[in-house]
Structures are given as C-alpha cells and as structure tokens.
C-alpha cells in the first residue's frame, strides 16, 4: 500500500495511534516514509513500530513514538502512549 493511502486513512478515521510493522529488513526502510506521511496527514497520531528486524533503536531513528517486539507488548505500549497523551 502506498504511504499516502496509509496516511490518508489515518486522517480519515482521526487515528489516535497507528501500528507499522516490517517483517523483512528490505521493508523496514519504508517505515520512515510512512511515519513522515502520517505525521503530515494527521499530526497528533502516535506511531508504534515493530516486526522481526525492528529494534528500539531503529524506532527512535525513524521517529516513532514507541516500539514493541511482539503483539502482546504492542498492546501495552499502545495503552501507555494513549494514556500519556490524554
């Protein structure tokens, strides 16, 4: 999906949080573009990243608000991000 479509959908639903996942190192390079597009379309949206090749350090590098290593952790981190912005 093009990042513009992803960002437009975040804006359309007034997303509080968006999760972006990469399963391969070749796809994780697109995370920065997705984050930038979402931030432009819907500035208040929190962005959480994860996936097999992603690290906490990479999340910081691409400008994500949070990182989770798996789905269970993502749910906890998402709740923390939303609580912090309330």
>> Neighbour counts of other C-beta atoms within 10 Å: give me 24, 48 arranged from fewest to most.
In response: 24, 48
>> Which of rounded, prolate or oblate describes the chain when judged by the alpha-carbon gyration tensor and an a/c cut-off of 1.5?
In response: oblate
> Which distance in Å, rounded to a whole number, links the C-alpha centroids of segment 1-53 and segment 57-77?
Replying inline: 12
> What 222 nm value per residue comes from the helices of the chain, counting each DSSP H run with n ≥ 4 as -39,500 (n - 2.57) and dividing by all residues, nearest 500 deg cm²/dmol?
Replying inline: -15000 deg cm²/dmol
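Remind me, relative contact order of segment 3-86 in percent, using alpha carbon pairs under 8 angstrom and six or more residues apart? Walk me through the numbers before you get to the answer.
Values: 127 pairs, mean separation 24.2, N = 84.
Relative contact order here is 29 percent.
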>> Can you sort 57, 42, 4 from fewest to most other Cβ atoms within 10 Å of each residue's own Cβ?
In response: 57, 4, 42
> What's the exposure ranking of 1, 31, going from fewest to most Cβ atoms within 10 Å?
Replying inline: 1, 31
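Where a number appears in this text, it was derived from the coordinates with a stated rule and is not lab data. Keep in mind that this is a model prediction, so the values were computed, not measured. Quick reminder, even Gly has a Cβ in these numbers, built from the backbone with ideal geometry, and neighbours come from all protein chains shown.
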